[in-house]
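Take a look at the structure below.
The values are calculated or read from the model by the stated rules, or taken from the named source; none is laboratory data. Small disclaimer: the values here were computed from a predicted structure and weren't measured. No Cβ is skipped: glycine too gets one built from the backbone with ideal geometry, and neighbour counts run over all protein chains shown.
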Amino acid sequence: MKKVIYTLITSLLISQAFYAAEDILVKPSLSNVKIFLRGAQLSYFASVKVDKGFNDIVFTGLASNIDRNSINISAKGDAIIMSVVQRFDYLRTMEKTPQIKMLEDSLESQNKLLVFNQNEIEVLKYEIDLILANKNIGNEKIGVSVAELQKMAEFYRKRLSEIKNKMFDLSINSKKIQKNIERIQNQLNELNNQLNKPTNEIVVTVSGKTSGTVDIDLSYLIYDAGWQPTYDVRVDKINSPAQLSYKANVWQNSGFNWKNIEIVLSTRNPNINNNKPELYPWFIDFMRPVAYREIMKAGAVSNAVASQAQMSIKDEVAQAETMADYFEVIETQLSVEFTPTIKYSIPSDNKPHSVALQEFSVPAKYEYYAAPKLDNNAFLVARLTDWANYNLLPGQANIYFENSYVGQSTINPATTKDTLTLSLGRDQNISISREVLKDFSEDKFLSSNVERTFASDIKIKNNKKSAVKIIVEDQIPISKNEDIEVKLIDSSGANYDQQNGKLKWMVEIEAWKSISKKMVYTVKYPGDKQIQGL
């Protein structure tokens, strides 16, 4: 058995010596990173001394998951690149990170404290045994006075109580230390599991024409990184422009921290299909009867496709500077790149880190909006113009009004509208009500038809100290059948859009005043039928 173990150890040492003798081990320096919406390109540089003839240069200290198809090598020097191979090394262990070393030191310190605590408890137990072993005083010949007996009893009681209390405190402290040890050990186990993974390496075989130095540039793509656009929209007053902060939530899980390097953010996504679409012949034919079961199946598929389509649609004194003051925007042929003029760091923790990209002052118009059929509140709305000129991407926007957080909205540059509408929240100083007018509502029977009349009254009261302008919207139904006739009787001067059935009032209300708007319409339909959605 010993001979077998010796043989295994010897072979392991020989294999390591073989690597050391044959390979030129290089840990290249990370020069820059270009982060895409999903994925990142990591670029390295290394200056390597090579001998004349064939040299195997092993680049180590690389990311965990490399897209081998994206590996790109270029070199400068009197040498020829013969081959490039990506491999995993299960023998070469990765260097311990500073975090692992810190946790190991903390674990050792906690273990020492635990041993000291346990030793002190044992010493106190020995002292108790010693006291109890010598509790008898006096003998048959020599008696003990009451005063001496009281003195000894007081000593035993006081000392034993001190020892017991001390042991209790030490026991509680030991439990706390043990919990700390467990937490540190669990964290160490997780980090060591990552450390014990096989080392990702790229081997570059170089044929040197002469002995000398070769400068090698290495780059590759990983998908354990990316960034997501987010926005902060801040409005101080309703007579000032909106301040738009364009930010990026950057994350990466490459296996090592990106420290003080140039990090470029690109709007390109190399992870999507880049093949151009192709049009194929479109055939049509007469409809053929199909079984009910097949119709239901097709309906289920179309509903699933529709739901997927809906899902796809579906944060006088000078201010501190942000990263937005240090980014340059470069428009390339296929994307927009945000290039920093200073270096910064992103840790490998798979968590989003917010980076400010740009800040704009966007022209805005402010108005109140209400739809009392859905909500009896007036909403202050900001309508941003010229927003399409800022190279924005779809993303969530945090809305702030008068230095208070209001909520979230969505910015979607893909929309064809020239104005971006954002809600700044409810104004409780504007009261709105919508009541059904029973005096106007009635049903009439006209031969074989029924005519029903519907009427509503909308009241808006301005409880503010100044006049307000407000847009109020309501609606009447739209007929999809020629036998159903919808007729607007009274709209109180609203703008009526027949295509969508919307009524819009644009009104101005003086301070402490109120107005009302009436809406009356009729629906006529055959008496022997019922209407859905009325």
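Is it fair to say Ile399 is modelled with pLDDT of 85 or more and closer than 15 Å to Val362 by Cα? Yes, satisfied. The criterion of at least 3 residues that are of a type outside the set (Lys, Arg) and closer than 30 Å to Leu380 by Cα is met by the following strands (runs of 3 or more DSSP E) wholly inside the stretch 155-264: 212-235, 242-252.
One residue alone among Lys469, Lys518, Lys524 is within 24 Å of Leu380 (Cβ to Cβ) and either surrounded by 12 or more Cβ atoms within 10 Å (Cβ to Cβ) or touching an Asp or Glu at 6+ places or on another chain (Cβ under 9 Å) (or both), and that residue is Lys469. Looking at Ala79, Ala133, Ala147 in this structure, which one is at pLDDT 85 or above and either of a type in the set (S, T, N, Q) or on the phi < 0 side of the Ramachandran plot (or both)? When all the criteria are applied, what remains is Ala79. Of all residue pairs spaced 6 or more apart or on separate chains, those with beta-carbon atoms under 8 Å, a first member in the stretch 54-71 that is assigned by TED's automatic domain parsing to the domain that holds Phe88 and more than 30 Å from Thr210 (Cβ to Cβ) and a second member that is at pLDDT below 90 and basic (Lys, Arg) are Ser64/Lys197.
At least 2 residues being more than 29 Å from Leu503 (Cβ to Cβ), at pLDDT 85 or above and of a type outside the set (Val, Ile, Thr) is the threshold, and among the strands (runs of 3 or more DSSP E) wholly inside the stretch 348-394 those reaching it are 353-362.
Here the stretch 82-103 is the region considered, the condition is being part of a loop (DSSP other than H, G, I, E, B) and touching a strand residue (DSSP E or B) at 6+ places or on another chain (Cβ under 9 Å), and the residue that is modelled with the highest pLDDT is Tyr90.
Conditions (1) hydroxyl-bearing (Ser, Thr, Tyr); (2) within 19 Å of the chain's Cα centre (by Cα); (3) within 30 Å of Lys237 (Cβ to Cβ); (4) modelled with pLDDT of 65 or more, marked per residue:
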{"residue": "Ser312", "(1), (2), (3), (4)": "yes, yes, no, no"}
{"residue": "Thr332", "(1), (2), (3), (4)": "yes, no, no, yes"}
{"residue": "Val336", "(1), (2), (3), (4)": "no, no, no, yes"}
{"residue": "Thr341", "(1), (2), (3), (4)": "yes, no, no, yes"}
